[in-house]
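Report on the following structure.
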Amino acid sequence: MCDLSDPRITQTYQDIVDGAATDWMILGYNDSRDVISLYESGSQGLGEFRTKLTEEILFGYVRVEDRFILISYVPDKVSGVRRARTLVHSRSVAALLQVHHASLTASSLSDLSDLNVRTRLKLGENQVPNRSRPPSLSERKRNSLQAKRQSLQQQENIPSMPSSPASYVDTFEEAQEHLTMNDQMSADEQERLERVRLEHQRIEDQKRQDELARLEEQRRVDEENKKRAADEQKRIEEEKKRREDEERAAAEQKRIADEQRRAAEEEKRVALEQKRVAEEKKRVADEQKRAAEAERARQQQEEAEHARKQQEEADRVRKQQEEADRAQKQQEEAERVRKQQEEAERQRREQELVEQRRLQQEAEARKRADEEKKRVAEEKRRAEEQSRLEEEKRVKDQKRIEQLKKQAEDEQKRKLQQQMRQAEKTKDVLIQGVANIQSHLSPFWHRRFFTIRGKSLSLYADQLASQPLTVVDLTGTVALRWADPEVDAFLSNAFVICNKDGSSYQVFAERQQDASTIFTALQTVIG
């Protein structure tokens, strides 16, 4: 089912049906799945309607010469599933827009040419729409003129009361005149004339009554004839309308059957397409899984190579530092020996010259003492400066080593996070390996093969075991910390997993790098 609750649809539809200026409208989904709303409307007819169509599924309603057509516009690029859904929704649209003479499904603008639309509407034929509709403005004018014409015809058909026939003789007046002229007639003659006058008056009254009865009968007969003619015309129109309804119903049933057949074929095609897509997805998933395994193996190899290079770099830096320290010590020792030799030579020369320079010794001794103090102070300053420079160099080297270690740890953590996201998508193992495990229930360490998959840490007896001995739910972990040698294990490469149910596990790796890798992976999973 679809949502057609937009009030603008019914308002615009009523304007089109009532003969207002608006003569077309376009409905569409507006980026939704089954909510249909009003896109646009206009008053310039089918040509303007075609210019407003876009390459998406649309429903149109157009008035062409007081006839109405319902249009479903489905471009060729639309998929089979959406075509089937459009067919279902078009029935709901047709149920809402009930007044229409024909419906048309188009896939391009050429299907909506004036000739195609007028042919589908059968313009020029006496066709009645499939449901009753309010009369348009032109139809109301024609009905008004026809009613006036029938009223005039009825007035003309009612005969007026005719006057007395010209052939009748007013015998009474003639007898009256004759009686005046012949005042001397006898009584018998006057009686006879009176009888004649009365007889003529009776005959005249009888003729008037007969004429009125004939006119009344003629009027009744004319009304019956008109009524029979109107009934016959009505019967003919009802028979014609019944035949047209039957033909329309048969055509509609045929159209519905064709649409149902096409929908069934489309659903079958869609099912085949979905099956093919599912097979393609499965094939792609298999290829992605193989690629992921290859990528994971490559990443593990790169990580091992990167760790080896980092270790070599750390060893090289340590050796350089040791060599620098040895060179510094050798230089200091050489400087000390040189100073001792110079001092011995100086003392020897002084002893040789002590006798000769005895008189000058006291004055020169003060001078030499001052110079010696300055020299000793300068040497001390130089020694302190050298010591400060060496300390700064050592601190810088230590910071650089720590920075390299931190970068390596961050890079390893980033790769582990990437592996975790990839593992969550493929439901694959994030990391696996061998470590020594000690649970809170056992005083002994056990060597176990482990895997981290999703939010679970699985412990196996060895790498060939198919079922884990223990599965630790990491969603219940409340603490993950490095082991304290004074409280936990007396090992440097160990850490502790504490769960909210009171259980805990100590994990020990033989190498610090392996322990850091496992610890970082658990941190990434636990969050």
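The values are calculated or read from the model by the stated rules, or taken from the named source; none is laboratory data. Worth saying up front: this structure is predicted, and the values here are computed from it rather than measured. Positions of Cβ are generated from backbone atoms using ideal geometry, with glycine treated the same way; all protein chains shown enter the neighbour counts. When the accessible area is computed, the model is the full protein with side chains, heavy atoms only, and any ligands, DNA or RNA have been set aside. Shrake-Rupley method; radii C 1.70, N 1.55, O 1.52, S 1.80 Å.
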Separation of the residue 35 and residue 52 label points, Cα + 7 Å toward Cβ, nm: 2.1 nm
For the stretch 373-384, Karplus couplings with θ = phi - 60° (6.51, -1.76, 1.60), whole Hz, Gly/Pro x: 4, 5, 5, 4, 5, 5, 5, 5, 5, 4, 5, 5
Residue-span extension gain [residue 400 to residue 441] - 0.36 nm each, minus C-alpha spacing: 10.5 nm
Residue-level accessible surface for residue 335, protein heavy atoms, 1.4 Å, Å²: 70 Å²
Percent of Cα-Cα distances greater than 17 Å, calculated over the stretch 204-345: 85 percent
Where the Cα pairs of the stretch 454-499 fall when distances are cut into 10 Å bins, in %: 24, 36, 36, 4
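How long is the gain from residue 8 to residue 323 if the chain were fully straight, where each residue apart is worth 0.36 nm and the alpha carbon distance is subtracted? Please list the in-between numbers first.
Details: separation 315, 0.36 × 315 = 113.40 nm, distance 8.74 nm.
Separation in residues times 0.36 nm, less the Cα-Cα distance, equals 104.7 nm.
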Kirkwood-based Rg to Rh ratio, the stretch 385-473, C-alpha trace: 1.25
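Could you work out the relative contact order of the chain? I mean the mean sequence separation of Cα pairs under 8 Å and 6+ apart, divided by the number of residues, in percent. Before the final figure, lay out each step's value.
Values: 469 pairs, mean separation 35.8, N = 527.
Reported as a whole number, the value is 7 percent.
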Mean Cα-pair separation over length for the stretch 372-518, i.e. relative contact order, pairs under 8 Å, 6 or more apart, %: 15 percent
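Assuming R0 = 51 Å, what is the FRET efficiency of residue 268 and residue 230, from their Cβ-Cβ distance, to the nearest 0.05? List each step's numbers first, then the result.
Details: r = 55 Å, r/R0 = 1.09.
The formula returns an efficiency of 0.40 here.
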For the chain, the spread of Cα positions along each principal axis, largest first, Å: 228, 72, 47
The stretch 294-331 versus the stretch 445-512: alpha-carbon centroid distance in Å: 29 Å
Alpha carbon convex hull of the stretch 269-355, projected area averaged over orientations, nm²: 8.0 nm²
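Work out how much length residue 245 to residue 277 would gain on full extension: take 0.36 nm times their residue separation and subtract the Cα-Cα distance, in nm to one decimal.
Working: separation 32, 0.36 × 32 = 11.52 nm, distance 4.54 nm.
In short, 7.0 nm is gained.
For the chain, what % of the accessible area comes from carbon and sulfur atoms, probe 1.4 Å?
On the way: 18190 of 36610 Å².
Within the chain, the accessible surface is 50 percent carbon and sulfur.
Over the stretch 369-527, what number does the Rg to Rh ratio reach, with both radii from the alpha-carbon atoms and Rh per Kirkwood?
Working: Rg = 24.0 Å, Rh = 18.7 Å.
Using Cα coordinates only, the ratio equals 1.28.
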Heavy-atom surface of the chain, accessible at 1.4 Å and reported per residue (Å²): 69 Å²
Two-site FRET efficiency, residue 337 against residue 378, from Cβ-Cβ distance with R₀ of 22 Å, rounded to 0.05: 0.65
